[in-house]
Amino acid sequence: MKKRMQYRDYFWDFDGNLYNTYPVMTTALHQTLATWGLDVAEAELYHAMRRTSVGQTIRSYAQQVPVTATTIRQKYATIEAPQIGQARPFPYVREVCQAVVQAGGRNFLLTHRNQVAKQLLTRDHLVQYFTDFVTGDDDFPRKPDPASLNYLCTKHNVDRHAAVMVGDRTLDVEAGHNAGLAGILFDFDDLIADHTTADQVIHCFRELLVN
């Protein structure tokens, strides 16, 4: 029996949303900052990244070391890259993406991460549920700028009244709203203080499956 879905088309963030990449990112940033003798508790780094972004977190700690945020980001990328394969999808990601397709809808990936995101989806046999992708390699402005969403919506003739952006931070919700879509916040660990911008807040993807 097919599941009904609240929306037809779903736009998904990758990091911390489809995939739990936070353990890898937290460890990599901790190791990166230690390069310059800065010992920050991983819990502190994790909370900062969840509530803002990797880039903003790096910029905040760059003030405490004798190098630029760009240098830190480059070092972080070299440390994170060989570890990112440890990341796995959150529970019910497969079931939800499959249900979207079975209900006649489409899934789109919208991520700042490069092609590695598609590689992980392929590895875990999820890529077949996706119609199209925008990654960091496509050089769109970063969310909450709606340019990448507008591109996919126009390319695939998306009915924006029947589409939603799903992400783990408010900037994902804001990107959806800026493109005329609904926005669902995946706040799996209750760390996002402001829920007012989201049309819906979920803690597990099972909540998206409508009986």
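The values are calculated or read from the model by the stated rules, or taken from the named source; none is laboratory data. Quick caveat: nothing in here was measured; it's all calculated off a predicted structure. Neighbour counts run over all protein chains shown; Cβ positions are idealised from the backbone, glycine included. Note: areas computed on protein heavy atoms with side chains; ligands, DNA, RNA excluded. Shrake-Rupley method; radii C 1.70, N 1.55, O 1.52, S 1.80 Å.
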Qualifying residues in segment 91-111 (those that are touching a Cys at 6+ places or on another chain (Cβ under 8 Å) and at negative phi) - the one least open to solvent (accessible area, probe 1.4 Å) = 107
Residue 65 passes all but one of the listed conditions (1) within 28 Å of residue 201 (Cα to Cα); (2) modelled with pLDDT under 95; the exception is number (1)
When segment 149-205 is examined, which residues are found to be among the basic types (Lys, Arg) and surrounded by fewer than 21 Cβ atoms within 10 Å (Cβ to Cβ)?
-> 155, 160
How about segment 192-205: which of its residues are at pLDDT below 95 and closer than 24 Å to residue 94 by Cα?
-> none
Run down 98, 74 and say which single residue is farther than 24 Å from residue 143 by Cα, over 17 Å from the mean Cα position of the chain (by Cα) and among the polar types (S, T, N, Q).
-> 98
Of the conditions (1) closer than 22 Å to residue 171 by Cβ; (2) open to solvent by less than 60 Å² (accessible area, probe 1.4 Å), the single one that residue 140 does not satisfy is (2)
Identify, from the list 22, 92, 76, 46, the residue that is among the aromatic types (Phe, Trp, Tyr) and touching a residue at least 60 places away in the same chain (Cβ under 8 Å).
-> 92
Within segment 113-130, identify whether any single residue is within 16 Å of residue 176 (Cβ to Cβ) and touching a residue at least 24 places away in the same chain (Cβ under 8 Å), and answer yes or no.
-> no
Do we find that residue 145 is under 15 Å from the mean Cα position of the chain (by Cα), more than 25 Å from residue 94 (Cβ to Cβ) and modelled with pLDDT of 95 or more in this structure?
-> yes
Pairing a residue in segment 180-207 that is under 21 Å from residue 19 (Cα atoms) with any residue that is open to solvent by 30 Å² or more (accessible area, probe 1.4 Å) and among the aromatic types (Phe, Trp, Tyr), where Cβ atoms lie under 6 Å and the two sit 6 or more apart in sequence or on different chains, gives 203/188; 205/92; 206/92
Looking only at residues in segment 112-137 that are under 18 Å from residue 165 (Cα atoms) and more than 16 Å from the chain's Cα centre (by Cα), which one is least open to solvent (accessible area, probe 1.4 Å)?
-> 129
How many residues does segment 9-45 contain that are hydrophobic (A, V, I, L, M, F, W, C), surrounded by fewer than 18 Cβ atoms within 10 Å (Cβ to Cβ) and not in a helix (DSSP H, G or I)?
-> 4
Considering residues that are farther than 15 Å from residue 13 by Cα, in contact (Cβ under 8 Å) with a residue 40 or more places away in the chain and of a type in the set (A, V, I, L, M, F, W, C), the number found within segment 95-110 is 3
Check on residue 83, among the polar types (S, T, N, Q) and open to solvent by 70 Å² or more (accessible area, probe 1.4 Å) | no
Could you run through segment 46-71 and say how many residues are within 19 Å of the chain's Cα centre (by Cα) and either hydrophobic (A, V, I, L, M, F, W, C) or surrounded by fewer than 12 Cβ atoms within 10 Å (Cβ to Cβ) (or both)?
-> 4
